[in-house]
Structures are given as structure tokens and as C-alpha cells.
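Engineer: For reference, the structure I am asking about is given below.
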Amino acid sequence: MPNALTITEAHKKLKAKKISSEELTRSCIKQIEAVDDKLNAVVYRNFEKALEEAKKVDKEGTFDHPLKGIPYLAKDVYCEKGIPTTGCSNVLRNKDYVPPFDSTTTKRLKEAGAISIGKTNTDEFTMGASTESSCYGVSTCPWDTSRVAGGSSGGSAAAVAADECIFALGTDTGGSIRQPAGFCGCVGLRSTYGRTSRYGVMSMASSLDTIGSLAKSVEDIALLLSAIAGKDPLDATTGDRAVPDYLAGLTGDIKGMTVGIPKEYFPDELDSEVHESIKNAVKTLKKLGVKTKEISLPHTKYAVPTYYVVVPSEISSNMARYDGIRYGHTAEAGDLIEYYFNARSEGFGDEVKRRIMIGTYALSAGYYDAYYRQAQKVRTLIKQDFEKAFEEVDVIVTPVSPTPAFKIGAHTDDPVAMYLEDVFSVSQALAGIPSLSVPCGFSKNKLPIALQIMGPQWGEERVLNVGYSFQKAMWPEGVPKPEIA
Ligand code: GLN
């Protein structure tokens, strides 16, 4: 089926006129119609417009860009002109918010000729690790639909793994691309903070938010990064650095590299199957000619508490814009204060409210020094751990998550247990470094397990080349596909 193709495979066929963009788009639509009632990955369907676009592209007939005519889905926090975008929050859903502009990323994809076929599910405003805080309900894991797809980009991960699209866009503030990619068995990259533009993507925590893609191969991720990365005058935090041809950088030669293995990521409580899979992955890397070195990232144990002070603080500020006046859900009220109170109480879900309260507390006079300032200091120490480590090693490998996909409802009554799911994915975000999630094995009950490959800031080329070499060696026939039941 064409919808199962990768970008590079589909591009070859489009170019050789063995398939049309319309056929490709229709096959994705057909798959969404066939399996999405089980997955709940797609929350908005843009099928009519997508087919129109596809026909237009076919008529032009020049597949000069590798993304031309390729259908994709975007996480429901990317603003796309004329397409309802809700952040999977009742705040915007109740008012059918339709952005009058495009995010830089979807604009760049549009210019390359890619075709947006709809929006994917996420935790409300990307806060979560399971998509259970979405106002549309949970997205399920295509490998076992009694389990979560992960989060917050769970819809994007499930959609890619289930071949509902050729690739999807996600965001990663503390793991939201890498963890769901890992749970569903696809590839996802969090790039260096500032490598890609956040313009037009709903903010969660602005000093950590990054945007990126989920795809079926490392090659596709590399190709997409070249298309979306780079300086954007609309986002002052983007770096003014040349964007290399990341695809051409995939030489497959990683001989002589040193791979760091941080002991803090392999605690006794680590799931034994996850541990085994990572060990096997390291063996595969060794066969490719790398050396390994045990290293220490001593401040790792402070990463989750630090993240859950810094992030809610920024959230409490970013969520202030949803006041029921400029955007979103409106309420009945006697006066202005009551109006804000009612609009925000009714519009936001529990997780968003919890984080607004924690953040407001951590930033308040009297507590700022004890919590926020302290957390910023520890953030610097975490960043320095990585800087020191990368003086000795080229990349660092760890698990992405402590367990494979968990059951729906497993942590819904225990927010701290949910936060601990992020134990391996928030340090990289606090440090602003690139990190890739690649499938590296399966548990006995057939749930995907993923390897995380990190590099120094702006080290995407190296990270992708290691991921590419690994994926080829590990899955010569391609990563297995789920049977959706
Ligand atoms: N699970 C993390 C959190 O809840 C990460 C979310 C994200 O990266 N958007 O904050």
C-alpha cells in the first residue's frame, strides 16, 4: 500500500510517475478511515482540500522537491491558515478557533509542496505523556490499543506507525516527540533549541519548546530537518546558522566514534526488557565499529524536579493569553474577574490548571528564589554535565522511557507517576541538545522499545548519522509494522 511508503520511497515513485500524489493521498485517507476509530490519532480531517492540492501537484508534474506531493499530518498546535486548530483544549475547541496565518514550519512545508491532510491528537496544549489530557480523549498505541500512544505527540506517533500519513509534525518540550515515537515504533527527533522555528506553534514552555517531525526512517527525519530548519525572522530564538543537507550527511560510517553510556540512565528499577534491548542496541553499534565508554551525568536525578518547576512557571505565563477575551471559550459572569475565573475554569482541563497553579506559586514573591531561581541554577548544572561529557564522547545513548507503552488510565490518578515517565527525556530539553528516538527492539508482548541518541548542541548531523547507521543494521528489512486490532 502506498501509504506505507517512506518519504524517500514515495518521492522516487512520484518522480518515476509510478504513482500520483492523489493516489498517495487517497491511500492515507483510506487508512485513516479504516483504523482511526481504534486509534483516535486524527482530530481534524482536511481531506477535500488535501485532494485538491494533490491534484494540482500532479498536474504540475514536476517532483523537484522530495516533499512535493507528500501527505502529512500536523499536531493540533500548529497554526495553519483556515484550518481549525485547538491545542486539543476546550478553550479553543468550544469556539472553533481558525488561525488566520501559517506557522513557519507548515508554511515551509507548503512551499515545498507537501500536503496537509489533517491534525493529530495531543495532550491539552502539549502537557502530558499519554494524550490522556486531550479534550478529544486518548490516542491508543497501534501495537496494543489498550495502551497509550504516549504523549504529548501521541496522535502523530500513532498515525505514522499506523501508516495514516507518510510523516507527521510534533513538538518536544520534555520528550513529546521522542517518547510517543518510542511507544509506537517510529523515529522522532528533538533538535537543538533554536534549530527550528516555534512561530505559529502554540507555546507551552518557551525556553524548552522545539518543533520537529516523526517519520518511518532516519533518512526521512534528516530530509525533513533540512526543509524546516533555519533562521526565522519571526522567531528571535532561532539560530543564524547554515542548514546543511542532513540527508547527504548520512554516510553510514560511524567507525571510530565514541559512544557514551551514562550510568544514571540504567537504575536497578529499569524495566528488564528495556535494559536488554538497549544492551543489544549497543552491541549492534559496536559491530559498526564504535567504542563505548561509561560516563556520568551526575545531576540527572534533579532533572525531573527542575523541569517541573521551570516548565509550569513558563506555562503559567503562556496560558495567560487564553482569557476568554482575545481567544477561546467565553463564560457568563457578573464582572470582569468573575468572567476570567469562569472562562478559564470551564475551558482548561485539570493538568493545565495544575501547572498554572504550580507555576504561579513558584514565581510568586517569596518563593521565586527558593524554587524558580534555584531550578534555573540546577538547569545550568545539567547543561554543564552534557558539555563535559561531550568533551570525551561523540554521542550518548540511553533508553527513551523507563518502560514500553503503559495501559490507558495507569497514571491518570497520580500526576507524579506520570511526571516520572519523563525521567530520561527532560534533561536533553533543559540542556537544549538534539536527541533522536529510534526503535531498537520489542518486548515479549510485542511493544516497541526505543534507543535515544543524543549529541552536543547543533550536533544533528552526527546524531542522525548514528541513528541512520543503527537503523540500517538493526532493521535491514525495515522496522516491523503493527497489526491494528
Ligand atoms: N511529558 C512532558 C510533560 O508533560 C513533556 C511534554 C512535552 O514535551 N510537550 O511536560
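The values are calculated or read from the model by the stated rules, or taken from the named source; none is laboratory data. Remember, it's a predicted structure, so these values are computed and weren't measured experimentally. Virtual Cβ from ideal backbone geometry, glycine too; neighbours counted across all protein chains shown.
Engineer: Tally up the residues in region 127-138 that are near the ligand (Cβ under 9 Å from one of its atoms) and either under 10 Å from Glu351 (Cα atoms) or over 16 Å from the mean Cα position of the chain (by Cα) (or both), please. Spell out the reasoning first.
Structural biologist: Pass one, region 127-138, residues near the ligand (Cβ under 9 Å from one of its atoms): 127-130, 133.
Next, from what is left, pick out any that are either under 10 Å from Glu351 (Cα atoms) or over 16 Å from the mean Cα position of the chain (by Cα) (or both): 127-128, 133.
Qualifying residue count for the region: 3.
Engineer: Would region 184-196 turn up any residue that is touching a Leu at 6+ places or on another chain (Cβ under 8 Å), surrounded by fewer than 24 Cβ atoms within 10 Å (Cβ to Cβ) and of a type in the set (Lys, Arg)?
Structural biologist: No, region 184-196 has no match at all.
Engineer: Is there any pair linking a residue in region 295-308 that is modelled with pLDDT of 95 or more to one that is among the small types (Gly, Ala, Ser) and more than 16 Å from the ligand (Cβ to nearest atom), with Cβ under 6 Å and at least six apart or on different chains, and which?
Structural biologist: Correct list of pairs: Ile295/Gly260; Ile295/Ala389.
Engineer: Of the residues that sit in region 206-227 and are of a type in the set (Ser, Thr, Tyr) and under 14 Å from the mean Cα position of the chain (by Cα), which one is farthest from the ligand (Cβ to nearest atom)? Break it down into steps so the answer makes sense when it comes.
Structural biologist: Within region 206-227, the subset of a type in the set (Ser, Thr, Tyr) is 206-207, 210, 213, 217, 226.
Now narrow it down to the ones that are under 14 Å from the mean Cα position of the chain (by Cα): 210, 213.
Working: Thr210: 9, Ser213: 14 Å.
So, considering only residues that are of a type in the set (Ser, Thr, Tyr) and under 14 Å from the mean Cα position of the chain (by Cα), the one farthest from the ligand (Cβ to nearest atom) is Ser213.
Engineer: Next question. Would you mind finding the one in Gly432, Gly459, Gly455 that is at positive phi, in contact (Cβ under 8 Å) with a residue 60 or more places away in the chain and under 20 Å from the mean Cα position of the chain (by Cα)? Steps first, answer last, please.
Structural biologist: Details: Gly459 fails: at positive phi; Gly455 fails: at positive phi.
So the residue among Gly432, Gly459, Gly455 that is at positive phi, in contact (Cβ under 8 Å) with a residue 60 or more places away in the chain and under 20 Å from the mean Cα position of the chain (by Cα) is Gly432.
Engineer: Give the residue, chosen from Val148, Val187, that is in contact (Cβ under 8 Å) with a residue 40 or more places away in the chain, closer than 18 Å to Asp422 by Cα and more than 13 Å from the ligand (Cβ to nearest atom).
Structural biologist: Details: Val148 fails: more than 13 Å from the ligand (Cβ to nearest atom).
Answer to the check: Val187.
Engineer: Please state which one of Gly118, Gly155, Gly174 is of a type in the set (Gly, Ala, Ser) and within 12 Å of the ligand (Cβ to nearest atom). Outline the logic, then answer.
Structural biologist: Details: Gly118 fails: within 12 Å of the ligand (Cβ to nearest atom); Gly155 fails: within 12 Å of the ligand (Cβ to nearest atom).
The match here is Gly174.
Engineer: Has region 273-283 got at least one residue that is in a helix (DSSP H, G or I), within 28 Å of Cys88 (Cα to Cα) and in contact (Cβ under 8 Å) with a residue 12 or more places away in the chain?
Structural biologist: If we filter region 273-283 for residues that are in a helix (DSSP H, G or I), which is where we start, we get 273-283.
Now restrict to residues that are within 28 Å of Cys88 (Cα to Cα): none.
Scanning region 273-283 turns up no residue that is in a helix (DSSP H, G or I), within 28 Å of Cys88 (Cα to Cα) and in contact (Cβ under 8 Å) with a residue 12 or more places away in the chain.
Engineer: Right, next: Return yes or no: is Lys68 touching a His at 6+ places or on another chain (Cβ under 9 Å) and either within 17 Å of Ala215 (Cβ to Cβ) or at pLDDT below 95 (or both)?
Structural biologist: Values: touching a His at 6+ places or on another chain (Cβ under 9 Å): yes; either within 17 Å of Ala215 (Cβ to Cβ) or at pLDDT below 95 (or both): yes.
So Lys68 passes the test.
Engineer: Let me ask something else. Which of the residues spanning region 401-429 are surrounded by 24 or more Cβ atoms within 10 Å (Cβ to Cβ) and over 23 Å from Val309 (Cβ atoms)?
Structural biologist: Once the filter is applied, which keeps residues that are surrounded by 24 or more Cβ atoms within 10 Å (Cβ to Cβ) and over 23 Å from Val309 (Cβ atoms), region 401-429 yields Pro404, Ala405.
Engineer: Residues in region 346-363 that are within 11 Å of the ligand (Cβ to nearest atom) and over 22 Å from the mean Cα position of the chain (by Cα): how many?
Structural biologist: Residues that pass the stated criteria total 1.
Engineer: Of all residues in region 337-367, count the ones that are assigned to a loop (DSSP other than H, G, I, E, B) and aliphatic (A, V, I, L, M). It would help to see each step written out before you state the result.
Structural biologist: Here is the first cut: in region 337-367, the ones assigned to a loop (DSSP other than H, G, I, E, B) are 348-349, 364-367.
Next, only the ones that are aliphatic (A, V, I, L, M) stay: 365.
Qualifying residue count, region 337-367: 1.
Engineer: Where in region 368-485 are there helices (runs of 4 or more DSSP H), lying wholly inside it, with at least 3 residues that are more than 15 Å from the ligand (Cβ to nearest atom)? Break it down stepwise before answering.
Structural biologist: Numbers: elements: 374-392, 415-420, 427-431, 460-474.
Output list reads 374-392, 460-474.
Engineer: Just give me the residues in region 196-205 being within 16 Å of the ligand (Cβ to nearest atom) and in contact with a strand residue (DSSP E or B) (Cβ under 6 Å, 6 or more places away or on another chain), in sequence order.
Structural biologist: Within region 196-205, the first condition is being within 16 Å of the ligand (Cβ to nearest atom), and the residues that meet it are 196, 198, 201-205.
If the condition is that a residue be within 16 Å of the ligand (Cβ to nearest atom) and in contact with a strand residue (DSSP E or B) (Cβ under 6 Å, 6 or more places away or on another chain), then Thr196, Arg198, Val201 are the ones that fit.
Engineer: Follow-up question, since we're still on this one. Answer with yes or no whether Thr292 is modelled with pLDDT of 95 or more, under 27 Å from the mean Cα position of the chain (by Cα) and surrounded by 13 or more Cβ atoms within 10 Å (Cβ to Cβ).
Structural biologist: On the way: modelled with pLDDT of 95 or more: yes; under 27 Å from the mean Cα position of the chain (by Cα): no; surrounded by 13 or more Cβ atoms within 10 Å (Cβ to Cβ): yes.
No: the conditions fail for Thr292.
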